[in-house]
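Bear in mind that the values in this text are calculations on the coordinates, not laboratory data. Treat the numbers as computed from the prediction; the structure is a model and nothing was measured. When we count neighbours, we look across all protein chains shown, and the Cβ atoms used for this are built from the backbone with ideal geometry, even at glycine.
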Amino acid sequence: MKKLTLKQAAESCGGTLVPEQASGVITGVQIDSRKVKPGDLFVAIKGEKVDGHAYIDMAASLGAAAALVEKPVKASIPTILVPDTVHAYGDLAAACREQMGLTVVGITGSVGKTTTKEMTACMLEHTYRTARTEGNHNNNIGLPMTILDMPDDTEIAVLELGMNHFGEMARLTSIAKPDIAIITNIGTMHIEHLGSREGILQAKLEIFRGVPEDGVGVFNGDEPLLWNVRADGGHKKYYYGVENHACDVLATDIQELDDGMRFVVSGFGHRFELFVPVLGRHTVYNTLAAVTSALLLKVPPETIQAQISSFHNTGMRQKIYERAGFTIIEDCYNAGPESTEAALEILAGFRSRTNGRCIAVLGDMLELGNRSAAEHYRIGRIAATKADMLYTYGVNAERMVSGAITGGMKQKLIEHFDTHEDLAHMLKMRARPGDVILFKGSRGMRMEKALALFFKEEEE
């Protein structure tokens, strides 16, 4: 971030400070007192377990120039007093975003946000100095952190915006002010808080509250709820899709290969072939969202082709690798009905490539509210047609068992577990080298622990 005087910082977030301290300067912003560098503004955030106000002296000892506080404190450094430090942190980020004069691509949706964010940044970074959301920093603390940590010479920021309640997207978009707003899809994630898919749609559409008049939307045109709002509001919307040939950007000639997806993209006067080294039909949609944004930002098709051909996903999202004779599909970052169904499709695709069995290890899908039982049952029925064996973990996942039995899977091929340890032990007993094993569940289920225990036992 660019240097700010304390007066400018206070004005940006509606804070007050002693007038004689107004000429002080900050060169960065930090919420973790252990990471403070000389010249930083330390933001004292009161959390459930830790109150940042107790660490102001530590921040000062590391060279903090000032502290942002929401209650009066005695400190050896200047303080800016605000009603709410989290809100003020966002206001500071919004001011920084405006000061930098960059272009922002904001991405939301029920499924595929992070992969689409990574693909978009991948396509843009050869042409522009590009920053992106790191990890899962997509909320009211992570988004400001991303913006305030961006290099001063950033030209384009690709920002992921996450939410699960009404009003949260409105706040995030007021900070990011995206010039291009991508909505990947409308699924059932967070339906517990938003009531229905129509409620989820309205919550996602809050993103337009921060889009400038000349900004645009980039939407999935194969999703009827998104297609039906194409004439709403004052912002231009561009659509991408596979089935809906009225879309602006279309994928055709789709081939699922052993190592990725190949297809032809047509749109904005261009027609070119892409290869993406990620499996699954959902990969085509994520890629199309990124391609549409890249073309709107005048990235040449040949650059898009070269960049996406070497794409690698991040974190625990659909990592496919071989270890100890097994093929592992590690997709443990999160799960909803749509992404779990897509993961099962990928698992089923290995049936023609291996002599081993396809084993689905599935945990609970959280935040589904009164649809939880029905969705877990439905996924169980799907698993019966896509997997040779099904192991489940979690209270809700028990419904997958009955769904799989109804779907035709023999009961002896299905097991339910209450602990990661029991699951891993049984998997060790039953799995054989050559098998393909999918690990998938909501973040709170920590399915990566079951995976780690499985291999720990394998090594013993």
Using a Förster distance of 41 Å, how high is the FRET efficiency between SER196 and ALA22, based on the Cβ-Cβ distance and rounded to 0.05? 0.25
Post the alpha-carbon centroid distance, the stretch 144-206 to the stretch 321-361, in whole angstrom. 29
Looking at the stretch 319-459 only, what percent of DSSP beta bridges run antiparallel? Nearest 5 please. 20
Lysines whose Cα lies under 28 Å from that of LYS410, excluding same-chain neighbours fewer than 8 positions away: LYS386, LYS428, LYS440, LYS449
Looking only at the chain, where both bridge partners belong to it, what percent of the DSSP beta bridges are antiparallel (to the nearest 5)? 30
Subtract the Cα-Cα distance of ARG323 and ASN164 from 0.36 nm times their separation in residues, and report this length gain in nm to one decimal. 53.6 nm
Determine the dipole magnitude for the chain: charges of +1 sit on the beta-carbon of Lys and Arg, -1 on that of Asp and Glu, nothing else is charged, the reference point is the Cα centre, and the result goes in debye to the nearest 20. 260
Within the stretch 28-79, list the trypsin sites (Lys or Arg not before Pro) lying in a DSSP loop whose Cβ has at most 13 other Cβ atoms in a 10 Å radius. LYS49, LYS74
Where the only charges are on Cβ atoms (+1 Lys, Arg; -1 Asp, Glu), what is the dipole of the stretch 101-308 about its Cα centre, to the nearest 20 debye? 380
Find, among the trypsin sites (Lys or Arg not before Pro) in the stretch 385-460, those assigned to loop by DSSP (not H, G, I, E, B) with at most 12 other beta-carbon atoms within 10 angstrom. LYS410
Sum -39500 (n - 2.57) across every DSSP H segment of at least 4 residues in the chain, then divide by the residue count to get the 222 nm mean residue ellipticity, nearest 500. -10000 deg cm²/dmol
Put one equal scatterer on each alpha carbon of the chain, apply the Debye formula with no solvent term, and list log10 I(q)/I(0) at q = 0.10 1/Å to two decimals. -0.80
In nm, give the distance between the simple-model label positions of ASP253 and ASN370, each being 7 Å from the Cα along the Cα-to-Cβ direction. 4.9
Would you mind pulling out the separation of the Cα centroids of the stretch 1-74 and the stretch 405-458, in Å? 47
FRET efficiency, SER309 to GLU155 (Cβ-Cβ, R0 22 Å, nearest 0.05): 0.40
Kindly provide the trypsin sites (Lys or Arg not before Pro) of the stretch 134-240 that DSSP labels as loop, not H, G, I, E or B, and whose Cβ sees at most 16 other Cβ atoms within 10 Å. ARG230
Lysine-lysine proximity count for the stretch 4-85, Cα under 21 Å, sequence distance 8 or more or distinct chains: 10
Take MET426 and LYS456, extend 7 Å from each Cα along the Cα→Cβ direction, and tell me the distance between the two endpoints in nm. 1.9
Cross-link partners of LYS117 among lysines (Cα-Cα below 18 Å; sequence separation of 8 or more within a chain): LYS177, LYS204, LYS298, LYS319
Under the 0.36 nm per residue contour assumption, what length would be gained going from the current alpha-carbon distance of GLU213 and GLU243 to full extension? 7.8 nm
